[in-house]
Every structure is written in structure tokens, then in C-alpha cells.
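K.L.:
Questions regarding the structure given below will be posed in turn.
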Amino acid sequence: MRFVGVTSCPTGIAHTYMAAESLEAAAKAAGHSITVETQGSAGSEPLAQSVIDTADAVIFAHDLPVKDVHRFAGKPTVDVGVKRAISDGPALIAQAVAAVSNPATRSAAASAPTGGLVTKVDATASLGTQIRQWLMTGVSYMIPFVAAGGILIALGFMLATAALGKNGPVDITAYDINLPKDLPHSIMHSFNPMSLTWWAALLFRVGVAAFGFLVPALSGFIAYAIADRPGLVPGFVGGAIAGTTGAGFLGGLITGILGGLVARWISRWKVAKGVRGIMPVVVTPLLSTLIVGGLFIIVLGRPIKALMDALTNGLNGMGGSSLAVLGLILGAMMGFDLGGPVNKVAYTFATTGLATTGLAQDATQYKIMAAVMAAGMVAPLALALATTLRPKLFTEPEQENGKAAWLLGASFISEGAIPFAAADPARIIASSVVGSAITGALCMAFGATSMAPHGGIWVALLFGNFLGFLIALAVGVAVMALIVIALKQRDHSAAAARIAA
Amino acid sequence: MSLITEAQVVLDLAGADRHEATRTLAATLVTSGRCTDLEQFVADVATREATMATGLPGGIGIPHARSAAITEPSLAFGRIDGGLDWGAKDGPADLVFLIAAPEAGGDAHMQMLPKLARALMKKDFVAALRGATTKAEVVALVNDAVALDPAAAPAPAHPHCGGSARRRPRRRRDRLDL
């Protein structure tokens, strides 16, 4: 007969392999064959699905959860601790032979629907590695939201320019999905398929709706990576609250990790048998969501608000400083958290200025708007550039996201950079702050102006000294891309030279 | 680089219990420059040992840990006259393999630990270690067992993996595919 096996142990350096050796020797001695997947530290080479499919039975000798257990769904299964395989390989092989003819052993756990969601978390890895894997899982599920939402918004801007002229990308934001019926901008009531304007509004609003899921999806799937399915609810809800409190993606990282840890903790409680059935559907989601949401609002919501107030006051008090310094600071803020509280303060500071009536063509308010917009375009464009120049430094999903980031960056959609920043906050934020600050300062120094609060290159016609704006942007993008490459490069060569962290 | 040197072999290992014996073996790793912090490493091994004793049938103990105090995958070997209780049901252990891996793990040298673990399941290997009379003999036996023989190396089973030194970064990216 032909068997497959999976072995694992907490440390992943000894028992995993001894068990594999023992099973192989015992199978051979009994005239069978077995192929073992060792889920240990030396990296596990996954069994080919064809090998699993043709096997007569499965032996799990494991002290850690079997990775991707759904691959073995429906197979006759012998499920024991790793030590059993080491001390008594022949007995396990005999058990496997017996299991083949006994349908009761068909793996129930393995055939339970897992929803097909995948995490890439290696429970034997060091804490640092695991945290990175949690973030990566969240990021990889978030990227489609960024791409779908960002591209729809950019297309909306494009169509709006075509339909409404140079003010289109600004005017289109007045449209919404479901406004009171008598208002002229309600898409649900007044959509006209023959009008480019309405299509632009539709694309824009659907894109904005997709963006609403960005932080919740990031947070939800980080929590999922930590706690499996119980993590989804506290993660998503926590992420949504992080969005409402204006905490941005950094807030989403916090709620994701917190939600996952709380859910994992609760789902491991030893509870009475009667309660066990309602744990996953009622108790765990209820408690974990309350804890995460409550903690975030009470403990983190207020400091974030205080930070935003302090920054706003700081900016308002900077009236007398030189414009280039103001541009430098605003740029750095734009690049810091890509849609989070610090970014928002800088952006609001700029757009509030636009509301001043009776401004001259070259008013300071317009210069500030241009600097802020340029700085907000730096991160996605620089990461698009970096993934183009050195694709090997980025994961495959990141490379794909990098392609979309060209369009997102050009449209002043800073969120195009969030997948990169969420996966590697320290390096991306550091380089983004430097690049964006340079662009902000240069843009001010060149005296470029923008009368539009949003839209990127689609509102070029509303700019003064657009060339200066582009040069400032290009310099910041180049600087940030080089810093990102240098930082990632250093990590990679270090990882190759010594043992990877 | 080898897992073991003669300095990491103690043919007359002794101690009141397995923790003391482990400490003696761990000290040899400090001497040979592979362990930077004896206390931390011993604590890491004890933590692992506490989850489940590492004694195996046939008189073998394999205390082991991944530890930040360890700089490279290493093995210290000890032989105990009369044996010490290592938690196995069938009696005390007289052969002790202290297996030490760096916290992060994953470079080419890590490939030797699975080979060592597999060798421990082979009766010939264990018998030869019991019969060894010199430290050099022990080192040679271990080196033979973990030799990264290119023909027998996992290369054929891993067709898409390049040199093992490059494996880690690649694998890291593989993880993201969804």
C-alpha cells in the first residue's frame, strides 16, 4: 500500500525528522511505501497533490496543527502525536493499513469546510517572522481592494475630466450613491446611461466603496492569520472602527493583531461541554469584538484625536515660517501614514485653505495645496518605480500592486502604497517621509499652485507652474525609490549572508 | 562548517540529573564559540524539555532548542555511564545529543539537523556511537551521517529550488502566493 504522512514538532529540528525516518523505515519493513512531508525548520516540501490523491491512507504524527490539512480531506487518517511515530513506527503503519478498510477513520477534521482561505503562517517560526507573516497575510487579501477601488476612482477622474472639463475630478465628488431624491447628484435616482458624467460618478463611488474595505480587510485578515476563523470578526470590526476614528492603516495593523490575539486567547478557553457548541458562533465573536472595539475607541481613539488637534494647532501656528519649511513638514506628514491621522491633518490643512474666497492666482493657499498633493503622490509612484527597477526585492503580489500603483499615484491616491507599508512599515514609512518631504519643499520652492483638492495629473489644467510640480514630484519619487531599494537590498543581502530573521 | 567538533564531545558525561548534564554539554558550546549566553540557552532547552521530555526509546536523550544565544546549528554529544533519567518510559538515557539551532533558522547548515535527526533512528549509527572510543571517532561518525552529499542531498526532490543558500529568500516569497 502507499501512504502519505505529515510530521511536525514544536521546535522543528529533531522529532519531526526522526518521526519521518521511523515511518519510512517501518513502511519499508512491512512492504509498503510512505512519502512524508516534514513540517519542520528546514522548510517543508509540500507533498504533490497527486501523491496525496493516490495514497491509501494518511498518517499525521504531529504536535503542531497540520498545515493545509484540507489537502487530505476524506482520506483514511491515523492521527497521533509525533512521539508515537518515533517510538512505534510499525504499529502506526499497521494502524494505517487497518484504517484503509474502516470508513470511520476518514478525516473529519480535514474534510470540514475551511472556506478555502489560506494563511501563510509558519507556527514554528520565530516571533518576528510570524508577525511579518501575519502582516503579509493581511496585505495579500487587502491588495485586491486597493487595486479595484483605486483604479475605479482613477477611471472616474478620467471620465469626469472628459465629461465635465478641467474641474471634472473635483465636481464629480459631489455625486453620491443615495442622496435625497430631490438633489441633483443622487446616482441611484438619476443615473443616466447615456451620460458620461453619470458613469464617472458611478465609477468614482463604487471605487470609494471598495476603499472603505481597505483597512477592515487588512485588519480582518491579519487577525485571521493569527487566530484562524475566530479572528475574522474582531479583526474586521476593529479595522472598521480604526477607519471611523481616522486611525488609518497603522490603526488597522493594531486592531488586526489585537483582534487576532484576543480571539485566539478566547477560543482556547477550556469551557464546559454545553457552552462549547456556541463558542465559535456566539461567545468568541461577541467578546473578542467588544474587547477590541472597546479598547480601540477608549484607549487609542482619544490620543489619536489629541495628536490630530496638536498637529493642526502646530500647522496653524506656522504662518510666519518660510514656505519651503512648511512644504517640508507638510510633505513629511503626507508621507507618514498614507491616509492616517497625520496625513489627514496635512491634507485638511491644505483643503481648508482652498475654501478662502477671493484668492489671487498665486496665493499661498494654492501653493500649499500643490505641495500637499505632490507629496501624497510620491509614495505610490516611488514604490511603483522600485518594483519596476528591482522586482526581486518584492513579493509577487507586491509586484502586481506596483503596476497598479503607477495609476493610483498619478491620480493622487496615496493608498496605493499601503500594501507595501503594511507589510514592512519601518522601511517604507522612513523612506516615504524623506521622499515626500523633499517633494513638498521643492514644490513650495518652485511656487507651483493647485486650485484642485484632488485628482493628481487629471487636474493638471488647474495647476500653475505644472512643470515645477512635476520636477518636485520626480525628485521625491526618485529619492524614495532609491532609499526603499537600498533598505530592502541591505535586508536581503544580510538575510542571505547570515540566517534570515 | 561542521555541526560538532571534538570539544563538543563528552565521553564521560555526569550529573545529578538531566538538567545538570545538559548544562555541562551546553558549556562545551560556549567554549567552542557557538553559544553566546549559557544561561539563556540552558533556559531555552529547559523550556522545551518542560513541554515534553525528550528521552527516546533505546537510551537516547535529545534535549534541544532554538535559541537566540546560538550562532550556528550545533551538536554536543555526551555519553553517560549508567545513564540518567530522560523521561523515556523504557529507562534512562546513556547517549545524549544536545541539538542547538539559532532562533531564526533556515540557512544551508540547518539542512544538517534533519539528517542528524534521521540518523538517530538508525540502529547502526547509535551502536557505533556507543562503541566509539575516542572523541575523533564520534566527530567522524556524526560528520558522515550529516554529510551534505550532493547525490543524496534533497536536490532531486526539490526540483524548483536552487542552491540551498538561496532557498530562504525564495521560500519567503513563495509564502505570499495566494
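The values are calculated or read from the model by the stated rules, or taken from the named source; none is laboratory data. Please read these numbers as outputs of a predicted model, since none were measured by experiment. A quick note on method: Cβ atoms are made from the backbone with ideal geometry, for glycine too, and the neighbour counts reach across all protein chains shown. Side chains included, ligands, DNA and RNA excluded: accessible areas come from the protein's heavy atoms. Shrake-Rupley method; radii C 1.70, N 1.55, O 1.52, S 1.80 Å.
K.L.:
If I take every Cα pair under 8 Å that is 6 or more residues apart in segment A:311-497, average their sequence separation and divide by the length, what percent do I get for the relative contact order? If you can, show how the numbers build up before the last one.
P.N.:
Numbers: 347 pairs, mean separation 56.5, N = 187.
The value is 30 percent.
K.L.:
Here is a further query. Once the convex hull of the alpha carbons of the protein assembly as shown is built, what does its volume come to per residue, in cubic angstrom? Walk me through the numbers on the way to the answer.
P.N.:
Values: hull volume 131.4 nm³, N = 679.
Cα convex hull per residue, to the nearest whole number: 194 Å³.
K.L.:
Top to bottom by accessible area (1.4 Å), largest first, where do A:Leu307, A:Leu482 land? It would help to have the intermediate numbers written out before the result.
P.N.:
Numbers: A:Leu307 75, A:Leu482 115 Å².
The ordering from most to least exposed comes out as A:Leu482, A:Leu307.
K.L.:
What is the calculated FRET efficiency for A:Glu400 to A:Trp269, with r their C-beta to C-beta distance and R₀ = 35 Å, to the nearest 0.05?
P.N.:
Working: r = 40 Å, r/R0 = 1.15.
It comes to 0.30.
K.L.:
Something else: What does the charge dipole of segment A:44-107 about its Cα centre add up to, to the nearest 20 debye, if the Cβ of each Lys and Arg holds +1 and the Cβ of each Asp and Glu holds -1? Let's see the in-between values first.
P.N.:
Working: 6 positive and 7 negative charges, 24 e Å.
Roughly 120 debye for segment A:44-107.
K.L.:
Does a label point 7 Å from the Cα of A:Ala460, set along Cα-to-beta-carbon, have any residues of segment A:357-387 with amide nitrogen under 20 Å, and which are they?
P.N.:
Backbone N within reach: A:367, A:369-382, A:384-385.
K.L.:
Loop only per DSSP, at most 14 neighbouring Cβ atoms within 10 Å: give me the trypsin sites (Lys or Arg not before Pro) in segment A:166-234, ordered by residue number.
P.N.:
Working: sites: A:Lys166, A:Lys181, A:Arg205; in loops: A:Lys166, A:Lys181.
Sites meeting the loop and neighbour criteria: A:Lys181.
K.L.:
Still on this structure, please answer the following. Once the piece of chain linking A:Ser101 and A:Ser493 is laid out straight, how much longer is it, given 0.36 nm per residue of separation minus the C-alpha distance between them?
P.N.:
Working: separation 392, 0.36 × 392 = 141.12 nm, distance 5.27 nm.
Result: 135.9 nm gained on full extension.
K.L.:
On full extension of the chain, what length is gained from B:Glu6 through B:Ala128, given 0.36 nm per residue of separation minus the C-alpha to C-alpha distance? Show your work: numbers first, answer last.
P.N.:
Details: separation 122, 0.36 × 122 = 43.92 nm, distance 1.64 nm.
Result for the pair: 42.3 nm of gain on full extension.
K.L.:
Right, here's the next one. Pairs to check: A:Lys28/B:Lys122; A:Lys166/A:Lys344; A:Lys83/B:Lys89; A:Lys28/B:Lys89; B:Lys89/B:Lys122; A:Lys367/A:Lys403. Give those whose C-alpha atoms are more than 18 Å from each other in this structure. Present the calculation step by step, with values, prior to reporting the outcome.
P.N.:
On the way: A:Lys28/B:Lys122 14 Å; A:Lys166/A:Lys344 25 Å; A:Lys83/B:Lys89 12 Å; A:Lys28/B:Lys89 26 Å; B:Lys89/B:Lys122 20 Å; A:Lys367/A:Lys403 30 Å.
Pairs exceeding the cut-off: A:Lys166/A:Lys344; A:Lys28/B:Lys89; B:Lys89/B:Lys122; A:Lys367/A:Lys403.
K.L.:
Given an 8 Å cut-off on Cα distances and at least 6 residues of separation, report the relative contact order of chain A as a percent. Provide the component values of the computation, followed by the final result.
P.N.:
On the way: 992 pairs, mean separation 58.5, N = 501.
Reported relative contact order: 12 percent.
K.L.:
Tell me, what is the FRET efficiency for A:Val325 and A:Ala426 to the nearest 0.05, using R0 = 22 angstrom and their Cβ-Cβ distance as r? Show your work: numbers first, answer last.
P.N.:
Working: r = 26 Å, r/R0 = 1.17.
The computed FRET efficiency comes out at 0.30.
K.L.:
Let me ask another. Computed FRET efficiency, Cβ-Cβ of B:Val30 and A:Leu290, R0 41 Å: what is it to the nearest 0.05?
P.N.:
Working: r = 49 Å, r/R0 = 1.21.
Using R0 = 41 Å, I get an efficiency of 0.25.
K.L.:
Any chance you could run the full-extension gain for A:Val281 through A:Leu467? It's 0.36 nm times the residue separation minus the Cα-Cα distance, nm to one decimal. Spell out each step's value before the answer.
P.N.:
Details: separation 186, 0.36 × 186 = 66.96 nm, distance 5.79 nm.
Stretched out fully, the A:Val281 to A:Leu467 stretch lengthens by 61.2 nm.
K.L.:
Still on this structure, I have one more. What nm value, rounded to one decimal, do you get for the distance between A:Ile177 and A:Met194 when each label is placed 7 Å out toward the C-beta?
P.N.:
2.8 nm
K.L.:
Please compute P(r) over all alpha-carbon pairs of segment A:213-275, binned at 10 Å starting from zero, and give each bin as a whole-number percent.
P.N.:
31, 44, 18, 6, 0
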